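> Sharing a structure below in structure tokens format, with a few things to ask.
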Amino acid sequence: MAELWWIYSKPVPADSRELWTLFLQCSCITAVIGGLFYNWMFASLEYSWHLSVAMAITFSLLLLLTLFLVHPARCVFTMIMPTLGTKQGRKLLFSTCIMIAVVNITPNIISNIKTILQVIQCICKNSSDSLLNSTALLEKVSWEFGDAVQEATHSIYKPMNGRFHFSLLQNSSLIYQKMHLAGEKISREFLSVEVLVKDSVRVANRLAAGFFMLYLCFESSWYLKNYLTNLRFDNFYITKKLERLAMDRRAAHLLVGSSKKLIRPTGLKLSREEVVLCLVQAMLVTVALMLMLVLVAMDHFAFSVADTAVRKAAQFSAVPVTLSIKYKAEIGIMPFLYKLFWHPPEALLLRDFDRTYHHHLIFSSAQCRISPPGPPSPSVLLVVGLLFCILYGSVFLEPFARRLCRGIAASFFQGCEDKRVLHLYRKLARRHSRQ
């Protein structure tokens with residue numbers, strides 16, 4: 001492994017064996033990266049498969065030529081791997097989390113809201129239907145009551161045959177049509193909103209992912225540029241070269257006295273600046289986690305409301321309505337004559353009308369088309385939770401990722417590393433002499 005890394009990090013291969021070894025290494029790397037790039041474009045960014053294949057093949061060929069021919073580009077590409085453990089890699093993971101949430105969680109919330117609206121529409125349709133049917137009962141009551149009055153009286157005193165006329169039933173089809181059109185309009189609006197949200201977030205995620213990838217390459221290039229041009233940049237590590245230099249010059253006490261300010265790149269100790277940076281980044285990840293939890297809670301709440309609405313609507317029993325009519329009347333026979341002779345008036349008693357009518361108001365029926373509520377996907381929650389675990393892990397691994405970047409740069413440019421070690425040694429020596 002050490003020999004392979006030595007061949008990979010050398011500026012120019014020494015012979016044909018090293019040349020072919022370097023070519024095989026670059027080919028293996030580009031094959032793996034090309035496959036990951038295709039999966040990222042097709043599964044995460046949702047490009048078409050033929051475009052993803054074409055882009056993956058083109059990217060792999062360009063990457064193979066770049067890695068094989070350009071030594072600094074090989075160093076920058078190698079530093080991109082540990083740079084994924086820094087804030088730029090977390091931005092890519094944030095972008096992936098947002099895409100997963102929008103593609104999987106948001107449509108489920110909208111679907112559950114549509115289920116709730118379907119339940120409301122079903123209740124309104126059945127209740128209005130039942131209410132319209134009650135008018136038929138009222139018309140029946142009016143006809144029976146009129147017939148009873150006609151039959152109970154003498155032909156001389158028979159009243160006019162007047163009855164109630166209900167024309168509301170004739171417009172029931174128009175009411176159903178309007179309710180159906182309103183439901184279809186609401187469904188189309190929800191579908192348009194869902195499509196708009198998906199398309200907007202898909203485009204935004206593609207732009208953000210492209211920007212983050214370019215910025216990831218820029219940050220690795222920026223680190224390498226500072227490493228090569230600034231001897232003080234990220235130069236506070238007790239490396240093996242620094243220890244050998246101090247031992248050769250019999251100044252090992254310089255490293256012991258400066259142990260509070262210098263750290264070992266292979267150790268677990270973190271400086272104060274690294275600890276503060278980790279805490280700040282952890283707070284930012286926590287804020288993003290809270291926002292994601294709010295979206296997940298909305299998904300669970302929408303499912304709970306939709307499931308409760310569907311179950312309660314199915315349990316709605318018919319509400320009985322009772323209409324009781326008690327009618328008693330009498331007809332006075334010339335009451336003014338009886339008043340003249342001080343006699344009590346005589347009356348013609350009619351037959352009593354006492355009937356009870358029953359009707360049921362129905363709020364739900366099996367004919368309603370209600371889509372079942374969609375429960376939150378446990379696999380989506382598992383993936384999002386796993387990504388946030390990786391995010392929290394990358395927060396505390398970021399200092400070690402930067403140390404790995406420095407080690408990679410030192411392996412590719414050993415001459416510059418010697419200058420940086422000598423610069424740090426002289427700085428420690430001047431500080432010790434002043435003290």
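The values are calculated or read from the model by the stated rules, or taken from the named source; none is laboratory data. Here the structure is a predicted model, which is why all the values come from computation and not from measurement. Positions of Cβ are backbone-derived with ideal geometry, glycine not excepted, and every protein chain shown enters the neighbour counts. Note: areas computed on protein heavy atoms with side chains; ligands, DNA, RNA excluded. Shrake-Rupley method; radii C 1.70, N 1.55, O 1.52, S 1.80 Å.
> So if each residue of separation counts as 0.36 nm, and I subtract the Cα-Cα distance between VAL276 and HIS300, what length gain in nm does that give? Mind dumping the intermediate values first?
On the way: separation 24, 0.36 × 24 = 8.64 nm, distance 3.59 nm.
Contour length minus the Cα-Cα distance gives 5.1 nm.
> Can you tally the net charge around PRO373? Count Lys and Arg as +1, Asp and Glu as -1, for every other residue whose Cβ sits under 13 Å from the Cβ of PRO373. Could you put the intermediate results ahead of the total?
Details: positive: LYS114, ARG311, LYS312; negative: ASP299, ASP307.
So the surrounding residues net to +1.
> Return the FRET efficiency for the residue pair SER128, SER192: r is the Cβ-Cβ distance, R0 is 25 Å, and the value is rounded to the nearest 0.05. Mind dumping the intermediate values first?
On the way: r = 27 Å, r/R0 = 1.09.
Once rounded, the FRET efficiency stands at 0.35.
> Need the full-extension length gain, ALA31 to PHE211, defined as separation in residues times 0.36 nm minus the C-alpha distance. One decimal, nm. Don't skip to the end; give the middle numbers.
On the way: separation 180, 0.36 × 180 = 64.80 nm, distance 2.32 nm.
Taking ALA31 through PHE211 to full extension adds about 62.5 nm, to one decimal.
> With a sphere of radius 12 Å drawn around the Cβ of ALA209, what net charge do the other residues whose Cβ falls strictly inside it have (Lys, Arg +1; Asp, Glu -1)? Mind showing how you got there, number by number?
Working: positive: LYS91, ARG202, ARG206; negative: GLU46.
Result for the neighbourhood of ALA209: +2.
> With the Cα gyration tensor of the range 394-435 giving a ≥ b ≥ c as the square roots of its eigenvalues, does the rule (a/c under 1.5 for rounded; else a/b larger than b/c for prolate; else oblate) give rounded, prolate or oblate?
Details: a/c = 7.13, a/b = 1.55, b/c = 4.60.
Judged from the Cα gyration tensor, the range 394-435 comes out oblate (a/c at least 1.5, b/c at or above a/b).
> Next question. Carbon-plus-sulfur fraction of the accessible area of the range 216-326, 1.4 Å probe, in percent? Mind dumping the intermediate values first?
On the way: 4880 of 7310 Å².
Carbon plus sulfur share of accessible area: 67 percent.
> Here's a follow-up. Can you tell me how the range 219-291 classifies by the Cα gyration tensor, rounded, prolate or oblate, using a/c under 1.5 as the rounded cut? Present the calculation step by step, with values, prior to reporting the outcome.
Values: a/c = 3.72, a/b = 1.82, b/c = 2.04.
The shape class here is oblate.
> List, in the order given, every pair from LYS10/LYS87; LYS241/LYS419; LYS87/LYS419; LYS87/LYS225 whose Cα-Cα distance in the structure shown is over 21 Å. Mind showing how you got there, number by number?
Working: LYS10/LYS87 29 Å; LYS241/LYS419 11 Å; LYS87/LYS419 29 Å; LYS87/LYS225 19 Å.
Table pairs above 21 Å Cα-Cα are LYS10/LYS87; LYS87/LYS419.
> Subtracting the Cα-Cα distance from 0.36 nm times the residue separation, let me have the gained length for LEU268 to LYS328 in nm, one decimal. Please list the in-between numbers first.
On the way: separation 60, 0.36 × 60 = 21.60 nm, distance 10.05 nm.
Using 0.36 nm per residue and subtracting the Cα-Cα distance, I get 11.6 nm.
> For the range 273-320, state which chymotrypsin sites (Phe, Trp or Tyr not before Pro) are in a DSSP loop and have at most 16 other beta carbons lying within 10 Å of their beta carbon. Don't skip to the answer; put the middle values down first.
On the way: sites: PHE301, PHE303, PHE316; in loops: PHE316.
Here the chymotrypsin sites (Phe, Trp or Tyr not before Pro) that fit, given the DSSP loop and packing criteria, are PHE316.
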